[in-house]
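Data first, discussion second: the structure below is written as structure tokens.
Quick note: the coordinates plus some simple rules give every number you see, no bench work behind them. Computed from a prediction, not measured in an experiment: that's the story for all the values here. Here the Cβ positions follow ideal geometry from the backbone for every residue, glycine too, while neighbour counts run over all protein chains shown.
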Amino acid sequence: MSSTAAPRYAARAVCGGQGGAVLLDTAIDLVLPRRCLGCERPGTPFCAACRPGAAGWVDGPAVMPVAATARYEGAVRSAVLAYKERGRRDLASVLGQLLALAVALLPVDAVVVPVPSSRRAAAARGGDHMVRLARRACAVPTSDGRRVWTPALGLVRQVSDSAGLSASARASHLVGALRAHPPPEAGAVAVVVDDVVTTGATLAEARRALLVAGWAVAGAATVAWTPRRVPRTDTFPAESRGASSRIPGPRSNVGAT
């Protein structure tokens, strides 16, 4: 969502194939051959040696399980920044695949719900960058078929840049910024997705809004995480705690440090 109004609810959308994306990537390669963002080897944004290969659970402050595929550093950080801020939409495919690795750790029947962008950010980026990544992540086949996604979250007020704020200040800053539409059916479960998790404040606010609207929330998935030592009890406001959500069983752990 790119508006400050709550989103018009869309029914569950089954993510389709990636044929159009493949054609776009091919055209981009003909005009501007790509190099690995890690080692600059030509041919792909991430060569086999530099590409993160597995996701796991992020240690640290959270009100729900958070899965991520890579540390927010090096080639992954370069890819996220180039995609979001420098118009490199050709990176949506590879970042969507990295997000899919994290999403795969959460229940397969859960609906993928992207964190929304502000109207200003979406306009500057040629659309909501997380909607594109959610589509790409859902388009990656699983043994149980493809996942579904919906833009159930929307901003209800403008949120200023939180850079430089403490974890607790970020959390307080975001409380009440998001609103969700009700789930399509009773008992529907959501997985919140974002590009990077730092303190977890944005994910906590997304979870709060979804729970208020009647969703169950299984957890969150991100492309990357920024390792930070933040006391769990000082990170999120009280209204983000306490409501039940379905918690998946333990998997591998990437271990934020």
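Give me the number: length gained by fully extending Ala54 to Arg35, i.e. 0.36 nm times residue separation minus the C-alpha to C-alpha distance, one decimal in nm. Present the calculation step by step, with values, prior to reporting the outcome.
Values: separation 19, 0.36 × 19 = 6.84 nm, distance 2.18 nm.
Gain on stretching Ala54 to Arg35: 4.7 nm.
What is the extension gain from Val156 to Ser143, computed as 0.36 nm multiplied by their sequence separation minus the C-alpha to C-alpha distance, in nm to one decimal?
1.0 nm
Please give the peptides 46-57, 133-144, 99-110, 213-224 ranked by average Cβ packing (other Cβ atoms within 10 Å per residue), highest first, as a rough proxy for protection. Show your work: numbers first, answer last.
Working: 46-57: 16.8, 133-144: 19.0, 99-110: 22.7, 213-224: 24.8.
Top to bottom by mean Cβ count within 10 Å: 213-224, 99-110, 133-144, 46-57.
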Sticking with the crude label model, points 7 Å out along Cα→Cβ, report the distance from Glu185 to Arg86 in nm, one decimal please.
4.5
